[in-house]
Amino acid sequence: MTLTKSEKTEGSRYELQFKIEPDVFEAAVNRAYRKNIGKINIPGFRRGKAPRSIVEKMYGKGFFYEDAINELLPDNYEEAVRAAGIEPVGRPEFDVVSIDENGLVLKAVVYVKPEIEIEGYKGIEATKVPVVVTDDEVDHEIEHVRKRNAREIDITDRPAQTGDIVNIDYEGSIDGVPFEGGSDEGHILKLGSGYFIPGFEDQIVGHSVGDEFDVNVTFPEKYHKKDLEGKPAVFKVKLNSIKYEELPALDDEFAKDVSEFDTFDEYRADMKAKITERKEKDADAAVEAQLVDRLVEIVKGDIPEPYYEAETENILRDYDMRLRSQGLDLSTYLKYTGQTLDQLRAQMRPTAIRQVKTRFALEKIAEIENIEVSDEEVEAEYSRMASLYSVELEKVKEAIPADDIKADLRLKKAIELVKAAAVVTEKQPEDNDEKASGDGTEAAE
């Protein structure tokens, strides 16, 4: 192979031309002939016995060229890339320049890593929401823990009340005809939750265990099942059991049960500290997002399309993996949402563009600032990952090359440098008086 041309045509686009000597090409054509002759029927010859010259006379001189070129292309292209001293990205586009007595000349159009410029990455202005943790927030978190540790007590000596948890059988009908999805047995329902349509839960209140009774309701005018909208229905209900949720007292015993602390005051202080830490992380993440937005704006360079395409596919692959972890897959998701794969790609493309530009910006900053990562830091990161995912250290090292770890750590150091040099001011978010609203209705299934 002889590299005959290496030229940057525009932006990050390169054109390579390389020549394969006549004897090398001829040998490849002969191999293609031997590989395919057994499939070719030529009148007057037994299958697989026709000479190459006869086949080429009948089908054309270039009949075996495609297979020969496909055989020679990978290794010779890689050699041409090394000779040109470039690092291509994405798939190259190939073309045949000439085939004659001088051999085979091929052209490859490739994209390479772009030249990146970035200025003004120090002193970026950002705002941070002051972290304040109120007593109400702490109480709210503790109440969640309290509810998770509640006891359910069977009630047999009084009728059902709002807030009770009941077990019911029910069958719904409209004009005496049962409808699909309108019946169940052993259904658990918390009265007052608003899970069923308006009026249903209220009519259970006051009934005792063993009671059988009718519940008369009317479906909302706007309902997710069109055939039930606005229609009156009767549900035959049997009340199987009533339970009362008893919440534990907020005292030292509660603290001992749910934490490593001996007193409720210590537990409460720890809860406040954890909420503060979480909100600090969220606030810091919001600042970092502002800094990244600015880096995306100021990074300059002709970034080839293959980078965006590859990153979009990475995001799509990660999304598919998350769906599978939830018992779905991408094809099922697309069927449910009515989307096409191309539409989903289009939705993910802006994120891909942002991530690619961010990576190039941080790589350039690391280069400008001479950021280095030591072997000790790489080892520490391997150990951290092994601990985080409960995987043996050696298996982590086998799965992730050290160069990839080093590259990621350089990017982390680069963003930390940008954060350290940023001008961050604290500012309260603007008040938002809008409140989310909903009808709070669900179907009785």
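Here, each number is a calculation from the coordinates, and none is a lab measurement. All of these numbers come straight from a predicted model, not from anything done at the bench. As a convention, Cβ positions derive from the backbone with ideal geometry for all residues, glycine included, and neighbour counts pool all protein chains shown.
Length gain on complete extension for the stretch ILE188 to ASN240, per 0.36 nm per residue less the alpha carbon to alpha carbon distance?
Once the chain is fully extended between ILE188 and ASN240, it gains 17.7 nm.
Placing +1 on the Cβ of every Lys and Arg and -1 on the Cβ of every Asp and Glu, with no other charges, gives the chain a dipole of roughly 3140 debye about its Cα centre.
Can you give the alpha-carbon Rg of segment 151-246 over 2.2 N^0.38 Å, where N counts its residues? Show your work: numbers first, answer last.
On the way: Rg = 13.6 Å, N = 96, 2.2 N^0.38 = 12.5 Å.
Expressed relative to 2.2 N^0.38 Å, the Cα Rg reads 1.09.
Amide H contacts of ILE155 (H built 1.01 Å from N, in plane; Pro and chain starts excluded): ILE242, LYS243, TYR244 sit under 5 Å, all sequence-distant by 5 or more or on other chains. Taking θ as phi - 60° and the Karplus parameters 6.51, -1.76 and 1.60, the scalar couplings of segment 183-195 work out to 9, 6, 10, x, 6, 8, 9, 8, 5, x, 6, x, 6 Hz in sequence order, x denoting glycine and proline.
The calculated FRET efficiency for the pair ASP329 and ASP252, based on their C-beta separation and a Förster distance of 56 Å, comes to about 0.70. Close amide H partners of SER183, meaning residues 5 or more places away or on another chain with modelled amide H under 5 Å apart, are GLY172.
Every Cα-Cα pair of segment 264-426 was included, and the share exceeding 26 Å stands at 50 percent. In a reduced charge model with +1 at each Lys and Arg Cβ and -1 at each Asp and Glu Cβ, segment 240-309 shows a dipole moment near 240 debye about its Cα centre.
Dipole magnitude for segment 11-163: about 1500 debye, using +1 per Lys or Arg Cβ and -1 per Asp or Glu Cβ, origin at the Cα centre. Counting other Cβ atoms within 10 Å, which trypsin sites (Lys or Arg not before Pro) in segment 78-162 have at most 16 and lie in a DSSP loop? Sites meeting the loop and neighbour criteria: LYS122. For the residue pairs LYS281/LYS364; LYS8/LYS406; LYS300/LYS335, the alpha carbons lie more than 28 Å apart in LYS8/LYS406; LYS300/LYS335. Take every pair of alpha-carbon atoms less than 8 Å apart whose residues are at least six positions apart; their mean separation over the length of the chain yields a relative contact order of 18 percent. Per residue of the chain, the DSSP helices (runs of n ≥ 4 H) give a summed -39500 (n - 2.57) that works out to -15000 deg cm²/dmol at 222 nm. Relative contact order, whole percent, for segment 264-426 stands at 26, derived from Cα pairs under 8 Å and 6 or more residues apart. The fewest-to-most ranking of ASP257, ASP284 by surrounding Cβ atoms within 10 Å reads ASP257, ASP284.
By count of other Cβ within 10 Å, fewest leading, how are ARG46, ARG278, ARG268 ordered?
ARG46, ARG278, ARG268
Its residues counted as N, the chain yields a C-alpha radius of gyration over 2.2 N^0.38 Å of 1.57.
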